[in-house]
1. Can you name the condition, by its number, that residue 66 falls short on among (1) assigned to a helix (DSSP H, G or I); (2) under 27 Å from residue 150 (Cα atoms)?
2. Looking at 57, 85, 126, which is the one that is among the basic types (Lys, Arg), more than 19 Å from residue 19 (Cα to Cα) and modelled with pLDDT under 90?
3. Across segment 52-67, which residue is surrounded by the fewest Cβ atoms within 10 Å (Cβ to Cβ) among those that are out of contact with any Leu (no Cβ under 6 Å at 6 or more places or on another chain) and under 28 Å from residue 83 (Cβ atoms)?
4. Write out, first by first residue and then by second, each pair whose Cβ atoms fall under 6 Å of each other, whose residues are 6+ apart or on separate chains, and whose first residue, in segment 78-106, is on the phi < 0 side of the Ramachandran plot and buried (at least 17 other Cβ atoms within 10 Å of the Cβ) while the second is β-branched (Val, Ile, Thr) and outside any helix (DSSP H, G or I).
5. Tell me, please, whether a residue that is at pLDDT below 95, under 18 Å from residue 20 (Cα atoms) and not hydrophobic (A, V, I, L, M, F, W, C) can be found in segment 110-121.
6. For residue 55, only one of the following conditions fails: (1) assigned to a helix (DSSP H, G or I); (2) within 19 Å of residue 108 (Cα to Cα); (3) in contact (Cβ under 8 Å) with a residue 24 or more places away in the chain; (4) not hydroxyl-bearing (Ser, Thr, Tyr). What is its number?
Amino acid sequence: MHLSGLGIFHTIIGIIAIIAAVISFVKKGKIDLGINAGRIYFWTTIVASLTALGISKHGGFNGGHVFALFIVVLLIVAYFLHTKKKASSRARYLENFSLSFSFFLSLIPTVNETFSRVPLNHPLIKSPTDPFLLNSLLLLFALFIIGSTLQFLKQRKINKQL
C-alpha cells in the first residue's frame, strides 16, 4: 500500500472530513455549515477534493478527478446558498441536498480505494466491478436516498413553522 506524500495528506484530510460530516449528521440531521463540524467538513472536503486532482493511480485525468471537481461545485453552491440566501426557506432544500450529495460522492472513491487496499495482503476487492464493492455502494446510495428524504421532510416542517 504505497501512498505518496500528497496521498497521505489527502487521506488524513479526507478522514477528518468524514468524521466532521458524521458529527454534523448526528447533531443536526444534516451537514450544517452553521456549526463547527459543518464548516470543518466544508473546508476539509474542499482540500481533499483539490488534492485528489494531484493523485492518479491510473495516470492522467480520470473519473475520480471528475468526482472531485463536481464535489467542489456542490460545496460552492451550498456555501453560496448558506451565506447569500439565508432568508430563503426554499434554498435550504438545495443546500441540504448539495452537502449530502457531496458527502455521498466523496464516499464512492473512498470506499473503492479502501476496499482495494485493506487488509494489506488480501484486499476486500480485486477490481472496481467486484460484487462486494457494488453492493456496498448500493447500500450507501440507499442510505443517501433515505437520509435525503428525511432531511427534506425535516426541512419542510421547519419551513412551515417560519
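1. With respect to (1) assigned to a helix (DSSP H, G or I); (2) under 27 Å from residue 150 (Cα atoms), residue 66 is out only on (2).
2. Step by step, each of 57, 85, 126 is checked, and only 57 is among the basic types (Lys, Arg), more than 19 Å from residue 19 (Cα to Cα) and modelled with pLDDT under 90.
3. Residue satisfying both the conditions and the ranking: 66.
4. 99/31
5. yes
6. Just one mismatch for residue 55, condition (1).
The values are calculated or read from the model by the stated rules, or taken from the named source; none is laboratory data. This one's a predicted model, so the numbers in the text were calculated from it and none came from an experiment. Note that we place each Cβ from the backbone using ideal geometry, even for glycine, and neighbour counts take in every protein chain shown.
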